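S.K.: Questions regarding the structure given below will be posed in turn.
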Amino acid sequence: MFVNEVNDVKIYNLSAGKSVPDWLTDRRKKSKLMKKVDSRRQIELIQDFDMPGVCTSIRMSPDQQYILATGTYKPRVKCFEVSNLSIKFERCFDSEVTTFEVISDDYCKMVFLQCDRYVEIHAAHGRHYRLRIPRFGRDMKYHKPSCDMYIVGVGKDIYRLNLERGQFLQPFETDASCLNACDVNLEHHLLVAGSKEGTVEAWDPRTKQRCSTLDVAMKLPGVKEFPSVTALKYRSGLHMAVGTASGHVLIYDIRAKQPLLVKNHLNRLPIKRLAFNPAQNAVYSLDEATLKLWDEQTGKQIAYVESTSSFNDFCTIPDTGMFFLAQEDVKMLTYYVPAMGPAPRWCSFLDNLTEEIESEVLENVYDDYQFVTAKELAELGMEHLVGTNLLKGYMHGYFMDARLYNKAKTVVEPFAFDRFRKDKIRQEIESERKSRLQIDSKLPKVNKELALKIMDEQANPSNNAKQRNVPNLLEDSRFKAMFENSDFAVNKEAEEYRLLAPVLNRLDKSKAKELKQRVEVARVAELHADEAQQRDDSDNDEDLFGFEKSDREKEEESGDEASSDDDDRREYVKEMKQAYKQVKRLREDEAEEEEEIGEAEDNKQLQKEATNDQARPLKNGNYHNPSTNAIPKRFTMTPLDQHQGNSLMQQRIKQASLQDRVRVMSQLEGQVTNVGRSLGNRQMTFEVNKQKKSQYHAKKREAELKKHRDERRSIVRPIKSLRLKKVNFK
């Protein structure tokens, strides 16, 4: 059970718990869950309360004894009996269900609107009848006094299907181009339909005429998305809630055209469904991201439920604090909010249970499996397991058994646990040890320079109000580890830092220059004040030459400032060039080291091959002479007509594996490196600047083209060899 507290309101997620991977069989899932201590204490309110793939809609029967839900795949409906807390039956369809209505007190009579324009009527035994509507439907509601089923969808007509006669009646023609939602009031039976144009039309089933039209879009000025109506719900005979595609919910009194309250979801997502809780004066509004509970009078938020996957539908149990959520996932969620009402009768034990449960957080993770990326898999040396049952591909990596991961980790890093243990002991000792010198403003042990900069900025805030209101990072608990954990220390030897160092130095110089200018301005102001005081004390006339001199001094100072800016810019460009040169030099050194290591490995391998080939006869009948075969430091693969006598080298190249050939070719044409991908994990770089290599490549290309042409001549048959036979058609 997961307990979340929002605005002092506790929300209990009765479906939360540790999950197991989907690819396991049902038997293995149950065995794994039974082995866990936490899963034994997990509350499973309704057994098998899930769908194979996705749950699209969910309803509660009017007698509150059955929960009905539709989903995929295969399209189906499940009925759960709350008295037994288990599934009662399950039926499948030919197509997905858009929405459905329960028209009896229990599950005996149901009507399903499907995505392929079919309407299925089900009885207790199964499907009773199936018919088709002219256009695609989006919503439907049942009018009990007349036994009419109102269906709205793509088009301006409201279709009327009379279930007593079993025939279609004349539809209601609206002024809208498309209808998204509809609802019927249970007290005065007024039908309302929401359109794509942002209007709500009210129809009287008795007179078969339109009563009024309400323009919702005009009440939402400044909205970028067009506020088409997507959800409708009556609270009582006089109050109604309207949900729009822009994420707004409007509360109306049907006697007035002005809304009583406008609530913004702030997600810019269409409202999918609305519900009321009259006992607590609360409104439930659902979009894809959140389900919000807010006060009907003030619009103040009471609580909310965020989605891990997109929400599709929800239903509440009247006069209780429990509701169910259908989402784009296997699980159907069950939530209980004690502030919204008591628990239902069939699970009254929840009231006593929630009082004893303390708030705790359970993460929805695969505890027995470890996720590793392709790079981590290569570091562990387990790339050969790709494609086996030990690795399960998922997103950009793989799932592997946690026990296998721990064993591989201990083999690769045998002293990792000892280092971790020593670090933890050192941290505990340092935390308990008191400092001998008590200093008011202590510097952290990690990232001292960064801490000094932050302290300086806090001590001397700029004139910008936003920068003055920025919280102190040293006091923020979110960045606490950055100044305590050595793993977050700034590495000044890294390539990224070397490239950014000139920029940081320039910023520091600009700050120092700004501080110097402030001091200079203050000093000049003091001098001017002293001169003004002296002029007031003396009876002499004003010295005009002095003022001209001061103006000239100002011009000289401005020129000095401009020249200093140019000097700073030149220094900055110079530092950036030096930084790039240094990084390039380091890269070249690393490449040379890797090349030397590769050459040493090639020489060792060639020495082994030379010792093995000493007693091997050649094609011409002679035997190999080791004294004449000096192993060169570097191979050069040249056309065969240039070196006919070097048959041993040709034989070795033919007998070598593809990996050895690629290694030899890398010394000639460039450098071949591994890239962290399963397919195409070879990357070759070439050097074309040197004239010798360009000449060599040109000669090699000519030889390859000549060889290719010879092969084509030997394979392709000439046209003259083809003879046409005459065929007489009679």
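The values are calculated or read from the model by the stated rules, or taken from the named source; none is laboratory data. Since the model is a prediction, treat every value here as computed from it, not as a measurement. Note that each Cβ is placed from the backbone with ideal geometry, even for glycine, and that neighbours are counted across all protein chains shown. When the accessible area is computed, the model is the full protein with side chains, heavy atoms only, and any ligands, DNA or RNA have been set aside. Shrake-Rupley method; radii C 1.70, N 1.55, O 1.52, S 1.80 Å.
S.K.: Probe radius 1.4 Å, ligands and nucleic acids left out: which of Met332, Met455, Met60, Met218 has the largest accessible area, and how do the rest follow?
M.R.: Result of the area sort, largest leading: Met218, Met455, Met60, Met332.
S.K.: May I ask you to derive the relative contact order of the range 2-358, considering only C-alpha pairs under 8 Å and at least 6 residues apart, and to give it as an integer percent?
M.R.: 12
S.K.: Ignoring ligands and nucleic acids, what accessible area does Lys196 show with a 1.4 Å probe (Å², nearest 10)?
M.R.: 110
S.K.: Something else about it: Note down the net charge around Ser86, summing +1 for each Lys or Arg and -1 for each Asp or Glu among other residues with Cβ under 15 Å from its Cβ. Show your work: numbers first, answer last.
M.R.: Numbers: positive: Lys78, Lys88; negative: Glu44, Asp48, Asp50, Glu81, Glu90.
Here the charged neighbours net out to -3.
S.K.: Any idea of Lys445's accessible area? Nearest 10 Å², probe 1.4 Å.
M.R.: 150
S.K.: Between Cys92 and Cys147, what is 0.36 nm times their sequence separation minus the Cα-Cα distance? Round to one decimal in nm.
M.R.: That works out to 17.2 nm of additional length.
S.K.: What size of dipole, in debye to the nearest 20, comes out for the range 368-412 about its Cα centre when the only charges are +1 on Lys and Arg C-beta atoms and -1 on Asp and Glu C-beta atoms?
M.R.: So the dipole magnitude of the range 368-412 works out to roughly 60 debye.
S.K.: Using a Förster distance of 25 Å, how high is the FRET efficiency between Lys257 and Gln167, based on the Cβ-Cβ distance and rounded to 0.05?
M.R.: Efficiency computed from Cβ-Cβ geometry: 0.10.
S.K.: Report the accessible area of Tyr129, computed with a 1.4 Å probe over the heavy atoms of all protein chains in place, in Å² rounded to the nearest 10.
M.R.: Near enough 130 Å² of accessible area.
S.K.: Once the other residues with Cβ under 9 Å from the Cβ of Val192 are scored (Lys, Arg +1; Asp, Glu -1), what is the net sum?
M.R.: -2
S.K.: Here is a further query. Work from the charge dipole of the range 2-358 (Cβ charges, +1 for Lys and Arg, -1 for Asp and Glu, about the Cα centre) and give the residue of Val242, Ser15, Tyr73 farthest towards its positive end.
M.R.: Looking along the dipole axis, the top candidate is Tyr73.
S.K.: Using Cα pairs under 8 angstrom and six or more residues apart, how large is the relative contact order of the range 368-412, in percent?
M.R.: 50
S.K.: Quick one: which of 251-262, 277-288, 581-592 comes out on top by average Cβ neighbours within 10 Å, and what's the full order, highest first?
M.R.: Highest mean packing first, the order is 277-288, 251-262, 581-592.
S.K.: Right, another one. So how many Å³ per residue does the convex hull of the Cα atoms of the range 70-168 work out to?
M.R.: Each residue corresponds to 99 Å³ of Cα convex hull volume.
S.K.: Around Ala231, what is the net charge, scoring Lys/Arg as +1 and Asp/Glu as -1 over all other residues with Cβ under 14 Å from its Cβ?
M.R.: Net charge in that neighbourhood comes out at +4.
S.K.: Take the Cα coordinates of the range 368-412, assign each an equal point scatterer, and use the Debye formula without solvent to give log10 I(q)/I(0) at q = 0.24, 0.29 Å⁻¹.
M.R.: So the normalised log intensities are -0.80, -1.19.
S.K.: So what is the accessible area of the range 63-220 per residue, in Å², with the probe set to 1.4 Å? Let's see the in-between values first.
M.R.: On the way: 7320 Å² over 158 residues.
About 46 Å² of surface per residue is accessible.
S.K.: Moving to a separate point now. Hey, if we sort Leu179, Leu404 by accessible area with the 1.4 Å probe, largest down, what's the order?
M.R.: Leu404, Leu179
S.K.: Quick check: with the 1.4 Å probe, what order do Leu186, Leu113, Leu238 take by accessible area, largest first?
M.R.: Leu186, Leu238, Leu113
S.K.: Could you derive backbone 3J(HN,Hα) for the range 77-87 from the dihedral phi with the Karplus parameters 6.51, -1.76 and 1.60 (θ = phi - 60°), listing whole Hz in sequence and x where the residue is Gly or Pro?
M.R.: Using θ = phi - 60°, the values come out as 10, 10, 10, 10, 9, 6, 5, 9, 6, 8, 6 Hz.
S.K.: Continuing with this model, one more query. For the range 107-156, what class follows from the C-alpha gyration tensor (a ≥ b ≥ c being the square roots of its eigenvalues): rounded when a/c is under 1.5, otherwise prolate if a/b is larger than b/c, else oblate?
M.R.: oblate
S.K.: Going by amide H atoms built from the backbone, whose H comes under 5 Å of the H on Asn447, apart from near neighbours?
M.R.: For Asn447, whose amide H was placed from the backbone, the distant partners under 5 Å are Val490.
S.K.: Going by a ≥ b ≥ c, the root eigenvalues of the Cα gyration tensor, does the range 2-358 fall in the rounded group (a/c under 1.5), the prolate group (a/b larger than b/c) or the oblate group?
M.R.: On the way: a/c = 1.88, a/b = 1.32, b/c = 1.42.
Cα axes put the range 2-358 in the oblate bin.
S.K.: Return the loop-located trypsin sites (Lys or Arg not before Pro) in the range 75-108 (DSSP other than H, G, I, E, B) with at most 15 other Cβ atoms within 10 Å of their own Cβ; answer none if there are none.
M.R.: Hits after loop and neighbour filter: nothing returned.
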